[in-house]
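Please treat every number below as a calculation from the coordinates, not as lab data. Just so it is clear, the model here is predicted, and its values are computed rather than measured. Every residue, glycine as well, gets a Cβ built from its backbone with ideal geometry; the counts of neighbours run over all protein chains shown.
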Amino acid sequence: MVKKVVIVGAGPSGLLLAHYLLRHGDNYQIDIYERRSDPRIVSFSKSRTYPISLNERGMSALRQIDGLEAAIKAISLEMNGTVFHQRNGKTRYTPRQNPLFTLDRTNLAIALLENLNSKYNHSQLKIHFDCQCQQVDLTDKTIKLTTIAEESEKLFIVNYDFLVGADGASSAVRESLNSTDCFNCEQKPITTDYKSFILPISQENSNINLAGDKIHSWMLKDGTVILLLHQLGGIMSGIIHFSRQQNQINNLATKEEVLQLFRENFPEIGQLMPDSEAEDFLHRPASTVVTVRCNSYHHGDSVLLIGDAAHAVSPSIGQGCNAALEDVLIFDQLLDKYSDNIEEAIAQFTVRRQPDGYALVELGDNAFPLSQGLFIEFMLREWMAKIIHNIFPQVFSQPLFYLISETTVPYSEILNVYQGWIAKVKKSNANF
Ligand SMILES: Cc1cc2nc3c(=O)[nH]c(=O)nc-3n(C[C@H](O)[C@H](O)[C@H](O)COP(=O)(O)OP(=O)(O)OC[C@H]3O[C@@H](n4cnc5c(N)ncnc54)[C@H](O)[C@@H]3O)c2cc1C
């Protein structure tokens, strides 16, 4: 019998899951409900988007679907390493063995959407934008939604055989599981907030030395960190992460102060930032990231949580989206293993993936030290680990960041190998 599948959230994980399920022939009829408007028709919002770096975890999940890897690569840039910039103009470079593919989150969602629409017709897949999930009735297997684009909100109810919460860190589907027995979920805001910004690259400033195939990073003594990446279309996308409690960003009152802050602390960026972007930056609200740890990623025989809804993580290690896409690949492998028996596959998904989700959040919080002293130790450890691993590959592990961002080694295994370092950083970051 055809299963009626409802996916809440048209982010990377929800859209990729639709691709995978629809590959199983006529077994599934899918409705996706997304609270935002169709990204293909709304104007680009700088405050709502940011660059995403995809590594082998995410790319291997995209690769299984015909044409997706090529479509994503066509709108991405390859990054071959990270340049750490110091205030005095000196730099340190950490190369990667395998490139990262970076693109804007909105463009990733658009590519996944367009590819879906080109392959499947309305009888198999309907995507409803401007529809927000309010509540789930787990007994009746229905969800309550409101349409939010029209003048007056309209409430409607849909039923499901199989419901997927792919609705991000503040998941409404997950919220509905909170009242059930044995479901525990911890949500914690990370200590830093972030703002994004965009810099134009033109002929006049092409002399500024920011190589196009590298991620550029700056770190201040107070823990403020900037990541800056080239994007297609002659722009650079930046994210500044800063302590929510004590920072220089929230006190900025004029665009001149914004420009002064960048010119003094991040001179290369200060030179590239036009007045208009400084003004926009001033008014752009800071965003808070929440981490999520759940003890289970399913409920009964019909509800599944994937992506950020199950395990939202600090962006510091660039893994949230990669892990969200990897979830879909793993769930699909379980569906194959259990011959499309969803009840079995969702229960096994918790068994297989929850230890990784837990480890992912732990690594996101504590792989990178906030203190500059410990950061230098981190760089030395990574360098030493690479050399020693090359000499004694059976005895010594690969460097921590290599394992996280260049392999598909399960996060739980990585945490196990590096638990001593993680405990040390956890202690230091707590005091920072
Ligand atoms: C600044 C920043 C930088 C990042 N950089 C990277 C990176 O380099 N690499 C990486 O791998 N990850 C990165 N991430 C993390 C990454 O963005 C997320 O992990 C990823 O988007 C998760 O995908 P998702 O589909 O699970 O959830 P989301 O992308 O959050 O999508 C959820 C969707 O559900 C919708 N939704 C929410 N609630 C409802 C509701 N009630 N009803 C209907 N729809 C709803 C939302 O509008 C959204 O479209 C970064 C995150 C941030 C904040």
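Estimated translational diffusion coefficient (Stokes-Einstein, Kirkwood radius over Cα pairs, 4 °C, 1.567 mPa s) of region 1-139: 76 µm² per second.
Shape descriptor for region 304-432: Rg over Rh equals 1.04 (Cα atoms; Rh from the Kirkwood inverse mean 1/r). The alpha-carbon of residue 90 sits under 21 angstrom from the alpha-carbons of these lysines, leaving out residues fewer than 8 places away in its chain: 214, 221. Considering only 228, 329, 138, the mean-square fluctuation computed in a Gaussian network model of the chain, springs between alpha carbons under 10 angstrom, is largest for 138. Does region 359-432 classify as rounded, prolate or oblate by the C-alpha gyration tensor (a ≥ b ≥ c root eigenvalues; a/c under 1.5 gives rounded; else a/b over b/c gives prolate, otherwise oblate)? The shape class here is oblate. Projecting the alpha carbon convex hull of region 196-314 along each direction and taking the average yields 10.3 nm².
Stretched out straight at 0.36 nm per residue, the stretch from residue 42 to residue 135 would grow longer than its current Cα-Cα span by 30.8 nm.
For the chain, with equal point scatterers placed on the C-alpha atoms only and solvent neglected, what are the log10 I(q)/I(0) values from the Debye formula at q = 0.06, 0.07, 0.08 1/Å, to two decimals? Debye intensities relative to I(0), on a log10 scale: -0.26, -0.35, -0.46.
A simple spin-label model places the labels of residue 148 and residue 286 2.4 nm from each other, with each point 7 Å out along Cα-to-Cβ.
When Rg and Dmax are taken over the Cα atoms of region 74-220, they come to 22.3, 63 Å. Helix 372-391 axis versus longest C-alpha principal axis of the chain: approximately 70°, rounded to the nearest ten.
Partner lysines whose Cα lies under 20 Å from the Cα of residue 144, excluding those fewer than 8 positions away in the same chain, are identified as 3, 4, 126, 154. Taking the longest Cα principal axis of the chain as reference, the axis of helix 255-265 is set at about 70 degrees.
Against the chain, whose longest principal axis comes from its Cα atoms, helix 320-337 is set at around 30 degrees.
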